[in-house]
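The values are calculated or read from the model by the stated rules, or taken from the named source; none is laboratory data. Here the structure is a predicted model, which means the values were calculated and not measured. Using ideal geometry, Cβ is built from the backbone for each residue, glycine included, and neighbour counts are taken over all protein chains shown.
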Amino acid sequence: MDPVPEIRREKVFLQPGMTTEEVKKTYGLSSDQAYKARVKGFFVKNYMKKQIVIDRENFNSAVCYPLAKTVFAKNFKWNPLAQSIYDDMIQEAVTRLFELSGKTKEMANGKYSENYANFWIAHNAMLAFLKTWERQNKWCLSFEDEASPILRGGKRSWSPEWGWMYV
């Protein structure tokens, strides 16, 4: 038995003429969501949940780790904050690649290869992890050391949120 349940998004079309109360009771939506769904005629099930479609046969860690390192090298190596949490970002990308291993196989077609989809899954996972880490550690003293303009090289730019920063 798989301990991680599969979570997919799907568009659910409503029957015409349903009231907001009927939509609310039938699909277990809040009043606001039920009203919006009734007006549009549909809603997306599991819209706010992270998609998980695992295919263990399709997942190859020997391919995913080098891909995650390539994504980091191409997109995040210039960021000193990302460099300080390098291992965590690599692991986050590989975890997300595992979670969507079944989805990438479905998305692959003649136009986009499986490797292309995996690249963007890893990129988006790393970017989301970095942004979340920054937001959660915004006021932490160790983060201030990392974000200090004195420690960075490059051009200076003004940020209303952080002040003077080296880009």
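The table that follows gives values for the structure above.
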item	result
Criterion violated by Leu81 - all others in (1) assigned to a helix (DSSP H, G or I); (2) out of contact with any Asp or Glu (no Cβ under 8 Å at 6 or more places or on another chain); (3) of a type outside the set (Lys, Arg) satisfied	(2)
Residue under evaluation Val71, criteria (1) touching a helix residue (DSSP H, G or I) at 6+ places or on another chain (Cβ under 7 Å); (2) assigned by TED's automatic domain parsing to the domain that holds Trp120; (3) at pLDDT below 95; (4) not acidic (Asp, Glu), criterion not met	(3)
The listed residue being acidic (Asp, Glu), free of Cβ contacts under 8 Å to residues at least 40 places away in the same chain and not in a loop (DSSP other than H, G, I, E, B), out of Glu21, Glu57	Glu21
Any hit, the range 80-87, residues being at pLDDT 95 or above and β-branched (Val, Ile, Thr)	no
Members of the range 135-160 that are surrounded by 16 or more Cβ atoms within 10 Å (Cβ to Cβ) and modelled with pLDDT of 75 or more	Asn137
Extreme residue, surrounded by the most Cβ atoms within 10 Å (Cβ to Cβ), among residues of the range 96-134 that are modelled with pLDDT under 85 and in a helix (DSSP H, G or I)	Thr104
